[in-house]
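Engineer: I have a structure I would like to understand better, so I am pasting it below and will then ask my questions one at a time.
The values are calculated or read from the model by the stated rules, or taken from the named source; none is laboratory data. Remember, predicted model here, so these are calculated numbers, not experimental data. Here Cβ is always computed from backbone atoms with ideal geometry, including for glycine, and neighbour counts include all displayed protein chains.
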Amino acid sequence: MKKLIPIILALSLMFTFCACGSKAEAAYDKADPAAPAGKAGAEEKSIEEEWGDIGDQAEIKTEKGVSYIYVTLPEGFAGTDATQKDIDAKAGKAYTSGKLNKDGSVTLKMTKQQHQMMLDSYAATIEKDLLDMCDGTSYAISKITHNDKYTEFDVYLTTNQLGIGESVAAFSFYVYGMMYNTFSGHQGEKVTVNYYGANGNLISTSNSEDM
């Protein structure tokens with residue numbers, strides 16, 4: 001059977017994006033995570049302009065002139081054995097602080113720089129995995145494109161028939177899209193996967209609501 005991208009690996013990324021490579025670490029070191037956002041006198045930007053497209057599941061609060069975003073990740077994202085001590089131990093560059101809630105969800109407090117680094121790091125991981133899926137060794141896939149929010153994937157096959165491996169791989173796309181949008185505050189976004197044959201014709205369409 002063709003190799004599938006381990007979904008459990010994707011689910012563990014919440015606590016591994018802090019180790020996202022030397023370039024991301026260096027970029028964060030140069031940034032000032034405590035710098036107040038939008039301080040420009042009469043031209044001060046609104047929170048919406050400063051933070052961009054933040055979904056309903058994310059909350060922005062200003063504390064002592066510094067804006068922080070609070071993102072709550074559902075139960076299971078931190079792992080079933082996660083403790084408050086574990087979350088506190090990982091606080092620092094990846095997020096300012098975190099709270100393990102009674103229902104098992106985790107609320108992370110982040111600066112704009114930390115939040116953007118998290119999204120960029122996970123997006124880079126997705127892009128690498130998508131390239132690996134197109135290398136011809138595991139799937140009959142020649143190209144994968146997607147929208148900016150990772151809610152729609154167009155998968156181009158090297159054959160005109162959708163194989164079992166390629167069909168099951170849709171769950172990996174669902175996980176990528178749902179995790180990215182959970183991190184960005186758009187939890188619950190539907191993820192659609194379109195499969196095209198080598199002749200360019202649409203073979204199949206599925207979405208995360210089918211899970």
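Results for (1) over 28 Å from ILE60 (Cβ atoms); (2) in contact with a strand residue (DSSP E or B) (Cβ under 9 Å, 6 or more places away or on another chain); (3) of a type outside the set (A, V, I, L, M, F, W, C), shown as yes or no for each residue.
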site	(1), (2), (3)
ASP129	yes, no, yes
GLY163	yes, yes, yes
THR182	no, yes, yes
GLU189	no, no, yes
TYR195	yes, yes, yes
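Engineer: Sort out which residues of the stretch 153-189 are modelled with pLDDT under 95 and of a type in the set (D, E, K, R), and write them in order of number.
Structural biologist: Scanning the stretch 153-189 gives a single hit, GLU189.
Engineer: Take the stretch 106-129 and flag every residue that is in contact with a Ser or Thr (Cβ under 7 Å, 6 or more places away or on another chain) and closer than 27 Å to VAL155 by Cα.
Structural biologist: Matches in the stretch 106-129: LEU119 only.
Engineer: Go through (1) at pLDDT 95 or above; (2) under 25 Å from the mean Cα position of the chain (by Cα) for SER138 and report which single condition fails.
Structural biologist: Unmet condition: (1).
Engineer: Only one of (1) farther than 28 Å from LYS90 by Cβ; (2) touching a residue at least 24 places away in the same chain (Cβ under 8 Å); (3) surrounded by 15 or more Cβ atoms within 10 Å (Cβ to Cβ) is not met by SER172, so which one is it?
Structural biologist: (1)
Engineer: Additional query: How many of the residues making up the stretch 140-161 are under 27 Å from SER184 (Cβ atoms) and either touching a strand residue (DSSP E or B) at 6+ places or on another chain (Cβ under 9 Å) or surrounded by 15 or more Cβ atoms within 10 Å (Cβ to Cβ) (or both)?
Structural biologist: Qualifying residue count, the stretch 140-161: 14.
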